[in-house]
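The values are calculated or read from the model by the stated rules, or taken from the named source; none is laboratory data. Remember, predicted model here, so these are calculated numbers, not experimental data. Here the Cβ is made from the backbone with ideal geometry for all residues, glycine too, and neighbour counts use every protein chain on show.
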Amino acid sequence: MLDRVLEPEVMEDRNEAIEYNEMDHGQVNRNFVTDLLAAGPIGTDCLDLGTGTALIPIELCKRDEDVRVMAADASTAMLELARYQLEINNLITRIQLHCGDAKKLVFEAQFFDTVMSNSLVHHLPSHETFLSEALRVLRPNGLLFIRDLCRPESMEQLDRLVETYAANESEHSRQMLRQSLHAALSLSEIRHLAAQVGLPNDCVAMTSDRHWTLQARKH
C-alpha cells in the first residue's frame with residue numbers, strides 16, 4: 001500500500017478553485033446524489049461538508065424539491081464561486097453557504113436530518129473529530145453519507161486511474177487528481193475510523209474502482 005502523502009487542507013488559491021470548478025465532476029456528482037437518495041429518507045435539512053462550489057447541493061435540490069442544504073466549506077475562494085453557481089441556478093433561497101471548519105462545527109447538536117460529504121476526507125490530516133462532529137449535529141436516525149477517493153495500492157494503479165479519469169484534463173488538473181489519490185485513505189483506514197466513533201464495520205464499502213462510501217444511520 002502506498003504511504004499517505006498529505007495535500008493542502010484548504011484550497012484558497014482562486015485560480016486553483018476556478019480550475020477545480022471547471023473540471024468535469026458531473027457524472028461523479030450525479031452518482032453521489034443518486035446513491036444518497038437511494039439510501040432512504042434524507043429529510044429536509046441537509047449539511048454538506050466540504051461543499052466546494054456547491055455543485056452537489058445544486059444537483060440534490062434539482063432532484064428533491066423539499067430539501068434545504070447548508071453548504072459548508074473552509075475555502076472562501078470556493079464559496080465565492082459557489083455563490084455564483086447558486087445565483088445562475090436560482091437556488092439562493094434553498095442553499096445557504098457557510099464558511100467553517102468541518103472539524104469544529106458551530107451548529108447545535110441534532111440539527112440536521114442528513115450530513116453528507118464528497119471528497120473532503122482526503123484533504124484532512126486527521127479524521128476522528130470530523131466524524132464525531134458530523135454525528136453530533138445529526139438527528140437520531142439521520143443519515144450520514146460520506147464518499148471519497150480510496151488510496152491505490154501502487155503507483156502503477158494510481159497512474160492508471162489518472163489516465164482513465166483525467167485524460168482530457170489539463171496537466172495541472174491531472175496532477176491535482178494524482179495528489180488527491182495519494183492523500184486518500186485506504187478502505188481499512190476509513191473502516192478503522194468508523195469503528196472508533198461507534199459505526200459498524202460494514203457501513204463502509206468500495207462503490208467504484210476509486211471511491212469508498214460510508215453510509216450509516218445514527219442510533
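Tell me which residues, restricted to segment 50-82, are in a helix (DSSP H, G or I) and touching a Lys or Arg at 6+ places or on another chain (Cβ under 8 Å).
Start the filter on segment 50-82 by keeping residues that are in a helix (DSSP H, G or I), which leaves 55-63, 76-82.
Across segment 50-82, the qualifying residues are GLU59, CYS61, ALA77, GLU80.
Of all residues in segment 130-150, one or more are over 19 Å from the mean Cα position of the chain (by Cα), on the phi > 0 side of the Ramachandran plot and modelled with pLDDT of 95 or more.
Pick from segment 172-211 the residues that are outside any helix (DSSP H, G or I) and closer than 23 Å to PHE112 by Cα: which of them is nearest to the chain's Cα centre (by Cα)? It would help to see each step written out before you state the result.
Taking segment 172-211 and keeping what is outside any helix (DSSP H, G or I), we get 184-186, 197-200, 204-211.
Keeping just the survivors that are closer than 23 Å to PHE112 by Cα gives 197-200, 204.
Working: VAL197: 19, GLY198: 21, LEU199: 18, PRO200: 20, VAL204: 15 Å.
By that ranking, first place goes to VAL204.
Note on segment 204-219: residues that are touching a residue at least 40 places away in the same chain (Cβ under 8 Å) and either in contact with a Phe, Trp or Tyr (Cβ under 6 Å, 6 or more places away or on another chain) or farther than 23 Å from ALA167 by Cα (or both) total 8. For first residues located in segment 153-166 and in a helix (DSSP H, G or I), partners that are charged (D, E, K, R) and lie 6+ apart or on another chain with Cβ distances below 6 Å form the pairs LEU161/ARG210; VAL162/ARG174; VAL162/ARG178; ALA166/ARG174. A count restricted to segment 100-130 and to residues that are of a type in the set (Val, Ile, Thr), in contact (Cβ under 8 Å) with a residue 60 or more places away in the chain and either more than 26 Å from SER188 (Cα to Cα) or in a strand (DSSP E or B) (or both) stands at 2. For segment 160-171, taking the residues that are surrounded by fewer than 14 Cβ atoms within 10 Å (Cβ to Cβ) and acidic (Asp, Glu), the one that is modelled with the lowest pLDDT is identified as GLU171. Within segment 12-40, the set of residues being in contact with an Asp or Glu (Cβ under 9 Å, 6 or more places away or on another chain), aliphatic (A, V, I, L, M) and modelled with pLDDT under 75 comprises ALA17, MET23. SER117 meets all of the listed conditions (1) under 29 Å from GLY198 (Cα atoms); (2) modelled with pLDDT of 95 or more; (3) surrounded by fewer than 19 Cβ atoms within 10 Å (Cβ to Cβ) but one, namely (3).
Screening the candidates LEU199, LEU177, LEU143 for the property of being aliphatic (A, V, I, L, M), surrounded by 14 or more Cβ atoms within 10 Å (Cβ to Cβ) and farther than 17 Å from PHE130 by Cα yields one hit, LEU177.
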